[in-house]
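Laboratory data are not the source of any read-out in this text; all were calculated from the coordinates shown. Predicted model, so just to flag it, every value in this text is computed and none were measured. Glycine also receives a Cβ, built like all others from the backbone with ideal geometry; neighbour counts cover every protein chain displayed.
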Amino acid sequence: MNTLILRLWRIFYFAMTRILIFANGELPSLEAARGLVRADDLLIGADGGTRYILELGLTPHSIVGDLDSVSFDLQPLIDKGVQIVQFPGDKDETDLELTINHALTFHPDQIVIVAALGERLDQTLGNIGLVSDMRLSPLDVRIDDGVEEAIFCRDQVRVRGRSGDLVSLIPWQGEVAGVLTDGLKWPLQKETLYPHKTRGISNEMLGAEASVAIDSGLLLVVHRRQS
């Protein structure tokens, strides 16, 4: 079953489920992050990232991790019915990886990971790598902090923003062939991008939407909104 048919099947048989995971990374703007939240979103905190949910005046559905970064009182949340999924501190996965695994048990259609960029390069690269997991390929999964968003393109993706927004195309795990863009200032016409070259960095959107399609490979699409 190809990706499009699987998505249509999920939409027909199940109510749409959208999950926002708040990681424990840097959040450049709380107000920008507020714009990502919809009324029917299921909110999950990855350990200390739960603080962002609380700062937004919202209540998480669940909190996942070893809880070593939790600096707030959990009891009031437990009293509200918030699920605590605690793991030992000596573990092989990061809190975000465990939280993504937990989120998948809800069979979501979309996962948005908030506050997964910045501060530590190792954590940032690791977080982006998590989103490349093939298990996530049938879903719409992206990292987004309200200022920057990152999504993997395996066949085609659309970027929504406005004229002047930056879009960078970064080959992941090897070369990416047949890159075709629409709605970008410097178009690519079935070109090959290489991980040791910067050909796809800092393109610009011409309007409210741009599209990127590829023939093969895995392409990281980074969209930076202009203030």
*Amide H to amide H, which residues 5 or more places from residue 188 or on other chains are under 5 Å from it, using H placed in the peptide plane?*
181
*Roughly how tilted is helix 3-13, in degrees to the nearest 10 and between 0 and 90, from the longest Cα axis of the chain?*
40 degrees
_Paired Rg and Dmax values of the chain, which use every Cα atom, in angstrom_ = 18.0, 56
_Helix 95-104 axis, angle to the chain major axis (alpha carbon atoms, nearest 10°)_ = 80 degrees
_Could you compute the net charge surrounding residue 168? Neighbours are other residues with a C-beta less than 14 Å from the C-beta of residue 168; K and R count +1, D and E count -1._
+1
*Straight distance only, please: which aspartates and glutamates reach the Cα of residue 190 with their own Cα at less than 19 Å, same-chain residues fewer than 8 apart left out?*
155, 175, 182, 204, 215
*Could you check what % of the DSSP bridge pairs in the chain are antiparallel, to the nearest 5?*
60 percent
*Between residue 18 and residue 197, take the C-beta separation as r, use R0 = 25 Å, and let me know the FRET efficiency to the nearest 0.05.*
0.10
*May I ask for the longest run of the chain untouched by GluC sites (Glu not before Pro) that are loop-located per DSSP and have at most 16 neighbouring C-beta atoms (other than their own) within 10 Å?*
1-92
*Ratio of Rg to Rh over the stretch 44-116 (Cα coordinates, Kirkwood Rh, two decimals)*: 0.94
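Quick one: 196, 61, 107, fewest Cβ neighbours within 10 Å first, how do they rank?
196, 107, 61
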*asked:* Could you identify which residue out of 121, 56, 104 has the top mean-square fluctuation in a GNM of the chain using Cα springs shorter than 10 Å?
replied: 121
*Taking Cα atoms, how many degrees apart are the long axis of helix 121-131 and the longest axis of the chain, rounded to 10 and kept between 0 and 90?*
80 degrees
*asked:* Cut-off 10 angstrom, C-alpha nodes, Gaussian network model of the chain. Which of 78, 53, 19 fluctuates the most?
replied: 78
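By how many nm would the segment from residue 137 to residue 186 lengthen if fully extended, with 0.36 nm per residue of separation less the alpha-carbon distance?
On the way: separation 49, 0.36 × 49 = 17.64 nm, distance 2.76 nm.
Stretched out fully, the residue 137 to residue 186 stretch lengthens by 14.9 nm.
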*asked:* Spelling out what I want: for every residue of the stretch 82-91, take phi, set θ = phi - 60°, compute 6.51 cos²θ - 1.76 cosθ + 1.60 (Karplus), and round to whole Hz; glycine and proline get x.
replied: 5, 7, 10, 10, 9, 10, x, x, 8, 9
_Starting from 0.36 nm per residue, how many nanometres of slack lie between residue 107 and residue 177 once their C-alpha separation is accounted for?_
22.0 nm
*Given the options 68, 79, 215, which has the most mean-square fluctuation in a GNM of the chain, springs set between C-alpha atoms less than 10 angstrom apart?*
79
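Step by step: find N for the stretch 151-227, compute 2.2 N^0.38 Å, then divide the Cα radius of gyration by it. What's the final number?
Details: Rg = 11.1 Å, N = 77, 2.2 N^0.38 = 11.5 Å.
After normalising by residue count via 2.2 N^0.38 Å, the value is 0.97.
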*For labels at residue 120 and residue 69 in the simple 7 Å Cα→Cβ model, what's the distance in nm?*
0.7 nm
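Please give the FRET efficiency for residue 30 paired with residue 168, using the beta carbon to beta carbon distance and R0 = 22 Å, rounded to the nearest 0.05.
Working: r = 25 Å, r/R0 = 1.13.
Computed FRET efficiency for residue 30 and residue 168 comes out at 0.30.
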